[in-house]
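First up is the structure itself, then whatever we jot down about it.
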């Protein structure tokens, strides 16, 4: 089974060199160009000086980490994944730009009209740039190479309102105590411009190309920015491709994004009014644009973007719902045209800008939505690229049509793919986006593999010696620079699951059977719903488990036996007399535990109550039984009539059992006169008073006893009364 993984070194771009012999510098203050031609014999020296003086190592740049766009929406990619920002100040329908420091900290952002610093303070509130929030790409922020804290903002206006052309302004962040100042504003570069602008590093990295397309023309213009400023006098013109001008009474030919590929070798333009995207070769050494290929779309193309390695080109429709992909490496121009595939369909018919991010994914603006759509693996062909409708939530802020325009080189990142991840498979590592990379050295973090632990090559493979997590690293070499990227790579074992020997449980119990976590699927007893690493069972029978991961499937089974419970019978409930003992027997068992803590087979009971016992047999199975022992209550019985001269000739107190109890017994006649009194147990009344027989009538008696303080054998009351009839 094959799996594909992407390992990517964020925020990097490539150093590029060549044997060019022409360098152009501009003195901004004098506004004059100083054109210098260098002979080939000095070229190596110049290149060495460039590396030393400029200290350029494009690896690790993080200038594209912070985005502000749409309705005060924002994202930060500093953690690797997009995090919502809600502190932005711009509200722009389309164009915008932002730039961060090489360490990834925000410096500036703009909608083409206003400029904000890292504290989100408006710089030069009284100055309005010549861009427009409704221009496709209203502006791009370009740092002056090797000049700290000075930036050009190139801006273009909306064709809907006026054709003001391409302008630049200069921002100095060291002014105003570090808050920044627009020290030069709205300097004209070209009086005729569409709404498009893009930027990429020069092949030798000492300069930055800023590219525009003229209005009512077939001509591109590329301006080079170096540490000396903008080469205003020597733009590089390319007359190629379609005419961009008024079409059927509208300006739609001037609308739609223009992008250079991150490696600086391709350029694409979405021409909204002509229902096509044009793809060109771009020479990042000379600034020349050539070899157009027309790529038709169904309706009004708007956003365009390249994958990081420029393998594929993507586009959106402004008034349609399709996201397109073309395979740039398909072969002939016709092969590229024929490679078109729809990789995603939007939830509503309104596609916006496409922009590569430092995480290697392409984000898609969605007008009036509170999220961006996303292409998760733009380096993969067709629908495998992973279009996602709701790619990232904007935290309640609204997307509009545009996303920030950056220097595209910020996203020219070396990274690699991993194919397969099982211990019995050959693991393939493929370098992606290796433009201008001279060589790659790999370390698989697998010392047990000996000399095979390291190797050279763009695309390599390795058999790992055991499952585990390995930190695989690749060192990318280019001229005198190198960068190392690494990532943990998990090599999975083949599935090996084991329940164990047959199982025994006691009748009535439930057992939880567990196997190791980490598998993709679990299926117990062929029940798909039981997809957990555990299973509860209480019935006798066969138990099966089947597990899968990306490396395969394994299964095991066992039989569950139910063991009978031990028998225990404490007998029927019974009564116990006061001051007596009774033995109850739990029968022969392995282990006992009575509720009073006794662990003996027999229990001596002297006090009424509920008694229970837990017993265990040799298998550890447990049974229980309970018995209720109630008190035989001590009661007084007094006759309700007696005949002194007859057989029942005395009035005496009879008790349930022979226990001496202190009491007071009194008898009263109907006049309330006490005719008998005693405190002597078993003393009786013979029906006389003061030696004389009492007359026949009904007499009242009262019996008073001691307080028995809750003794369960004795009554709670302390006084009783009743009547007795004396019969003669």
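Numerical summary
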item: Only one of 153, 208, 197 that is in contact (Cβ under 8 Å) with a residue 40 or more places away in the chain and either closer than 16 Å to residue 255 by Cβ or not assigned by TED's automatic domain parsing to the domain that holds residue 268 (or both); result: 197
item: Residue 169 vs. criteria closer than 18 Å to residue 126 by Cα and either modelled with pLDDT under 95 or not in a loop (DSSP other than H, G, I, E, B) (or both); result: yes
item: Criterion (in a strand (DSSP E or B) and modelled with pLDDT of 85 or more) met by exactly one of 675, 680; result: 675
item: Tally, over segment 176-201, of residues that are more than 22 Å from residue 355 (Cβ to Cβ), under 42 Å from the mean Cα position of the chain (by Cα) and in a loop (DSSP other than H, G, I, E, B); result: 2
item: Wholly enclosed strands (runs of 3 or more DSSP E) of segment 471-585 bearing at least 3 residues loosely packed, with under 12 Cβ neighbours inside 10 Å; result: none
item: So residue 65, is it in the same structural domain as residue 134 (by TED's automatic domain parsing), at pLDDT below 95 and buried (at least 24 other Cβ atoms within 10 Å of the Cβ); result: yes
item: Count of segment 259-274 residues which are assigned to a strand (DSSP E or B) and surrounded by 24 or more Cβ atoms within 10 Å (Cβ to Cβ); result: 7
item: Which numbered condition residue 110 misses (of (1) buried (at least 24 other Cβ atoms within 10 Å of the Cβ); (2) free of Cβ contacts under 8 Å to residues at least 60 places away in the same chain; (3) over 35 Å from the mean Cα position of the chain (by Cα)); result: (3)
item: Of residues in segment 626-672 being free of Cβ contacts under 8 Å to residues at least 12 places away in the same chain and more than 27 Å from residue 579 (Cβ to Cβ), the one surrounded by the most Cβ atoms within 10 Å (Cβ to Cβ); result: 648
item: Some residue of segment 549-569 being outside the structural domain of residue 521 (by TED's automatic domain parsing), touching a residue at least 40 places away in the same chain (Cβ under 8 Å) and closer than 30 Å to residue 634 by Cα; result: yes
item: Residues of segment 190-199 classified as surrounded by fewer than 19 Cβ atoms within 10 Å (Cβ to Cβ) and at pLDDT 95 or above, total; result: 0
item: Verdict on residue 692 being at positive phi and surrounded by fewer than 12 Cβ atoms within 10 Å (Cβ to Cβ); result: no
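One line per residue, one yes/no per condition, for (1) surrounded by fewer than 24 Cβ atoms within 10 Å (Cβ to Cβ); (2) part of a strand (DSSP E or B); (3) in contact (Cβ under 8 Å) with a residue 60 or more places away in the chain; (4) in the same structural domain as residue 403 (by TED's automatic domain parsing):
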| site | (1), (2), (3), (4) |
| --- | --- |
| 285 | yes, no, yes, yes |
| 293 | yes, yes, no, yes |
| 302 | no, yes, yes, yes |
| 329 | yes, no, no, yes |
| 335 | yes, no, no, yes |
| 342 | yes, yes, no, yes |
| 349 | yes, no, no, yes |
| 352 | no, yes, no, yes |
| 358 | no, no, yes, yes |
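The values are calculated or read from the model by the stated rules, or taken from the named source; none is laboratory data. In this text, all values refer to a predicted model and were calculated from it rather than measured experimentally. We place every Cβ from the backbone using ideal geometry, glycine too, and count neighbours over all the protein chains shown.
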